[in-house]
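Down below is the structure, laid out as structure tokens.
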Amino acid sequence: MKFLDKLTEKTTRKIAHKSSRRGFLTKIGTVVVGTAVVPLLPVYRAHANPASASKYPGVGAQSTGNPQDPGDPTSCDYWRYCAIDGFLCSCCGGSASSCPPGTEMSPITWIGTCQNPADNRNYIISYNDCCGRSSCGRCLCNRNEGDRPMIRPQLNNDINWCLGTESQIYNCSTAVLIGVALDG
């Protein structure tokens, strides 16, 4: 029994020598604050409310309602987004082809050619940035199919295209269908 008392005393003194009351209080405070923050984490909210769980928090799946325009415009896999780079306007209060309220569509664009899975035809898509408010921050999508080096800027998606608008502050990007691409 005497051995156990000496071991306990030695261990306690060693811990007391290497730590302080302030350090102990700091660790307890960290645990308390950390525990209080856990319910605020997005992962926790998704499990607490499965109905609101989606690929992008706060954004539900959408449909164009047109069988000739299949897909979800809030998903990066939507067929029109084959060369898009930026936040999707369909997640920011706009749509795949219109800007959210309070923003202005840039008249200067980059273009891409995407294949529609409904009819297997290629379509010319104009990617317009919406400008005037700070970045939406939702549904970031970066697909570079057909992206060209900067020597051909009209086909490059890495430029802030908010030129020719009142404000050069980028908000989100649209994918406006221009027409059918000619086979050649």
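General observations
- Taking other C-beta atoms within 10 angstrom as a stand-in for reagent exposure, CYS91, CYS172 fall in the order CYS91, CYS172, fewest first.
- Spin-label model, THR12 to ASP183: label points 7 Å out along the Cα-to-beta-carbon direction sit 8.9 nm apart.
- Order of ASP119, ASP69, ASP85 under a 10 Å beta carbon neighbour criterion, fewest first: ASP119, ASP69, ASP85
- Counted by neighbouring Cβ atoms within 10 Å, the residues GLU166, GLU145 run from fewest to most as GLU166, GLU145.
- Treating r as the C-beta distance of ARG121 and ILE28 and R0 as 41 Å, the FRET efficiency rounds to 0.05.
Throughout, read-outs are computed from the coordinates displayed, never taken from laboratory work. Owing to the predicted nature of the structure, the values given are computational and were not obtained by experimental measurement. Note that each Cβ is placed from the backbone with ideal geometry, even for glycine, and that neighbours are counted across all protein chains shown.
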